[in-house]
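First comes the structure, then the notes that go with it.
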Amino acid sequence: NDSKLVEGAAELLHKLMLHNEEACSKLYLTGVFMFAVGYTGSNYHSISKLLNECHLKQNFRSGFAAAANASEIPLKERSILGNLLPEGLLWVLLNYGPERFTEIFVGDFNTPEVIWNFKMRKHLVEMIQQHLGDFPKRLWQNTCSKYEYCPIPGIAYKQLENEIFCHNYYLSNLCDEVRFPNWPIAEPVEVLRSCLEEWKKEMQRDTVKEEDDCDEARKVLGLKGGDGAAELRKSYRALARKFHPDKNPAGRDQFEKIQAAYELLLPVVEKGGKIVGGDDDDDEEEGGSRPSDVDDGSAAGLVGGPTGLNAINLLMKTQVILCKRHGEEIGDYKYPAYGMLMEVLKVVQGDVLLKPKRAEFVRTGCELVYQTCLVSPLNAEELVLNNGVRVLEELLNFYISTYKECEAKGDKVASAPVRLEIITHIIHTLSGVSWFESGRAAILALEDPTRLCENWRRCCDGIYWGDAPTVKKYALEGLANMARDAALQTLVVGAGIVWSLTRSLLMYDPTLEGVDIENDDQINQQMSQAASNTHAILACRALGMLSGVMRDDLATPENAELQRCMKRLLTKPLAKLLRQARAGDLLRALNTNVETPTRIWNVKMRAELLSFLDKMEEGRDEAGCRTMAEELGGVADFKFSNLQDEVIIGGIYVRVFVGLGGGREGIK
């Protein structure tokens, strides 16, 4: 560790390698890369320059990797340092050069791009020393000793055991938006592709095969059950020297098996576990599980168990961040992973989806569904093709039907905000999907489309969770899209949605016009008057489209029964205002006192209508879905008491017209 000697040797090697490509390609056989990263000094710049110049030029690969282009294999497999250093450090060396690499290698960093600290460097040095065995002592005794090359297998770092590295980024840190808000992401499309590749690997995991492979690896290395890290490394060193291709050309296949076996078993013993199998097959000890991977039942039905749940959740969170921050770039491509996404979001039996970990997982998945549809609306049709409407409807029904019963279970189930957020993402997504004809067709093709319509009504009236402005807002937007289909009109009206919509019209406050819900204080999700105004506007549009009275882009199939109903509930003159794209005229009239030859409305009429709506909602089965005639039949007998003696001719209230003097004044 003489600093001047180390710097001089590194600079000399660097200059020699610059002018001798053949020698450079075989430099790894001297063991210099292990010795270099095992150096414990802080004067590392000369070594970094040597590593930067040579680490990708080593001719150590075999088979496909030796013949492949650089773009066809990962950096970790291209670099001779791939088994020694975390991939993040390799990308730092490649992207930022030796100066930045030196700064990080001798320092302490924990960011989305690199995780490296003193403990990891100490672990690296210890692993190299173990691999070298007694060679340093022999070299001290005889400085002419020649190193007998034996490739070091991959070093596992405990600090990275829960990490996934995708195209330059550690996903746990990238998803930590508290510590790393808006961390810049270069090449977001490539990061997305890398995430999808990792996800595909997780979905293709075969745990039975993995156990068989571990048992085969134990046999290849000649280990027995109960052996640990020391036995594993000792066996590997002996066999690797014996079968290394540079010494034993006929042993290449066996050498590759030995290396693969070691790398498969290393993570188990690095975590303190023991080799399972052989003579100790019946032992109760089965070390090697991470505490974070202990199965509490949350991962039921998922490939890979708890480990798979954590990994897929992290991959989905990353994709959500990519969609939010780089929607334009991501939106240029069709999202190809709805098949996998729907597979992990399927409803499973029991209360698994209510467990806190699984509910968080579902929340992330549902948000990903929504965000991918948001960045490119055409993804909505891709979602439909992948059975997305059915999966989302089943999830929606599960979380709504279990919402009330969860109150008594306390912290054994996911919190109410998490469950409500899942419902919100599903409603928001289905609202957008129903704009497409294929989306509406998928809703009608459900095994029980009436169940969705009943749950939609519950999202509009909020009877299960009280005030939740955003859920109601998205549900009202979805009603307008569903109204474009005559069959869906019939179903949602039969589910009792009309009474909730009409009530929303009467909650409008004209004095707050122009205040948007997003600008209003929504702490603790309290229903604000600004939210009520937004809901009233959306309810007005939904009623107009369900009635089929609107024009142009908002035109929908005509619904004569609902039109007659609205004329009874709002009076004929006011019901005509449902055809207007702007809801302001109708809403102001319904929430003020008006008496003109064409309109009569006052506080008494408003109170009578509210009383009637209470009666209609109290008198129906909350879970029922009826025909339109059955649902709207009771409106035929409804009359406003102060209009019973009014005479209407041509839409004119004669009494008011005459009271204004008739003639020109009345017409005016």
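The values are calculated or read from the model by the stated rules, or taken from the named source; none is laboratory data. Keep in mind it's a predicted model, so treat the numbers as computed, not measured. Positions of Cβ are backbone-derived with ideal geometry, glycine not excepted, and every protein chain shown enters the neighbour counts. Accessible surface is based on the protein model in full, side chains and every heavy atom, while ligands, DNA and RNA are left aside. Shrake-Rupley method; radii C 1.70, N 1.55, O 1.52, S 1.80 Å.
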### Query
Looking only at residues in segment 529-552 that are open to solvent by less than 20 Å² (accessible area, probe 1.4 Å) and part of a loop (DSSP other than H, G, I, E, B), which one is modelled with the lowest pLDDT?
Met550
### Query
Is it true that Cys195 is modelled with pLDDT of 80 or more and either at positive phi or part of a helix (DSSP H, G or I) (or both)?
yes
### Query
Looking only at segment 44-69, which residues are open to solvent by 60 Å² or more (accessible area, probe 1.4 Å), assigned to a helix (DSSP H, G or I) and at pLDDT 90 or above?
His45, Lys49, Asn52
### Query
Looking at Asp521, is it surrounded by fewer than 21 Cβ atoms within 10 Å (Cβ to Cβ), of a type outside the set (Lys, Arg) and at pLDDT 90 or above?
no
### Query
Taking into account only those residues within segment 334-349 that are aliphatic (A, V, I, L, M), open to solvent by less than 30 Å² (accessible area, probe 1.4 Å) and assigned to a loop (DSSP other than H, G, I, E, B), which is nearest to Gln371 (Cα to Cα)?
Ala337
### Message
Going by what's in this entry, would Glu595 be described as open to solvent by 10 Å² or more (accessible area, probe 1.4 Å) and modelled with pLDDT of 90 or more?
### Response
no
### Message
Go through segment 206-237 and report how many residues are surrounded by 15 or more Cβ atoms within 10 Å (Cβ to Cβ) and within 27 Å of the chain's Cα centre (by Cα).
### Response
0
## Note on the structure
Selection over segment 103-136 where residues are closer than 20 Å to Asn168 by Cα and open to solvent by less than 20 Å² (accessible area, probe 1.4 Å) yields a count of 7
### Summary
The residue from Asp296, Asp253, Asp282 that alone is surrounded by fewer than 18 Cβ atoms within 10 Å (Cβ to Cβ), modelled with pLDDT of 60 or more, out of contact with any Ser or Thr (no Cβ under 7 Å at 6 or more places or on another chain) and in a loop (DSSP other than H, G, I, E, B) is Asp296
### Query
Is it the case that some residue within segment 318-332 is surrounded by 20 or more Cβ atoms within 10 Å (Cβ to Cβ) and more than 17 Å from Asn182 (Cα to Cα)?
no
### Query
Here is a list of conditions, (1) touching a residue at least 60 places away in the same chain (Cβ under 8 Å); (2) surrounded by fewer than 16 Cβ atoms within 10 Å (Cβ to Cβ); (3) of a type in the set (S, T, N, Q), and Asn602 meets all of them except one; can you say which number that is?
(1)
### Query
How many residues does segment 600-653 contain that are in a loop (DSSP other than H, G, I, E, B) and more than 24 Å from Glu558 (Cβ to Cβ)?
13
#### Entry: Condition broken by Arg179, with the remaining ones in (1) in contact with a strand residue (DSSP E or B) (Cβ under 9 Å, 6 or more places away or on another chain); (2) outside any helix (DSSP H, G or I); (3) open to solvent by less than 70 Å² (accessible area, probe 1.4 Å) satisfied
(3)
## Note on the structure
Reported set for segment 311-348 where residues are of a type outside the set (A, V, I, L, M) and farther than 13 Å from Trp199 by Cβ is Cys323, Lys324, Arg325, His326, Gly327, Glu328, Glu329, Gly331, Asp332, Tyr333, Lys334, Lys346
### Task
Provide a single number: the residues in segment 33-58 that are under 15 Å from Met127 (Cα atoms) and hydrophobic (A, V, I, L, M, F, W, C).
5
### Task
Under 7 Å between Cβ atoms, at least 6 apart or on separate chains: pull out the pairs that start in segment 528-542 with a residue that is within 25 Å of Gln563 (Cβ to Cβ) and touching a residue at least 24 places away in the same chain (Cβ under 8 Å) and end on any residue that is of a type in the set (Ser, Thr, Tyr) and in a helix (DSSP H, G or I).
His535/Ser504; Ala536/Ser504; Ala539/Ser504
#### Entry: Pro136 being closer than 27 Å to Leu232 by Cβ and part of a helix (DSSP H, G or I)
yes
### Query
Of these, Tyr149, Tyr169, which one is open to solvent by less than 20 Å² (accessible area, probe 1.4 Å) and in contact with an Asp or Glu (Cβ under 7 Å, 6 or more places away or on another chain)?
Tyr169
### Task
Pairs only if they're at least six apart or on different chains, beta carbon under 6 angstrom, first in segment 428-451 and in contact (Cβ under 8 Å) with a residue 60 or more places away in the chain, second part of a loop (DSSP other than H, G, I, E, B); list them, first residue then second.
Thr450/Cys625
### Query
Quick check: anything in segment 359-367 modelled with pLDDT of 95 or more and of a type in the set (S, T, N, Q)?
yes
### Message
I'd like to know if segment 166-173 contains one or more residues that are in a loop (DSSP other than H, G, I, E, B), under 29 Å from Glu126 (Cα atoms) and either under 26 Å from the mean Cα position of the chain (by Cα) or in contact (Cβ under 8 Å) with a residue 12 or more places away in the chain (or both).
### Response
yes
### Condition broken by Pro597, with the remaining ones in (1) under 46 Å from the mean Cα position of the chain (by Cα); (2) more than 14 Å from Arg503 (Cα to Cα); (3) touching a residue at least 40 places away in the same chain (Cβ under 8 Å) satisfied
(1)
### Task
Please state which of the following conditions Gly41 fails to meet, knowing it meets all the rest: (1) loosely packed, with under 13 Cβ neighbours inside 10 Å; (2) assigned to a helix (DSSP H, G or I).
(2)
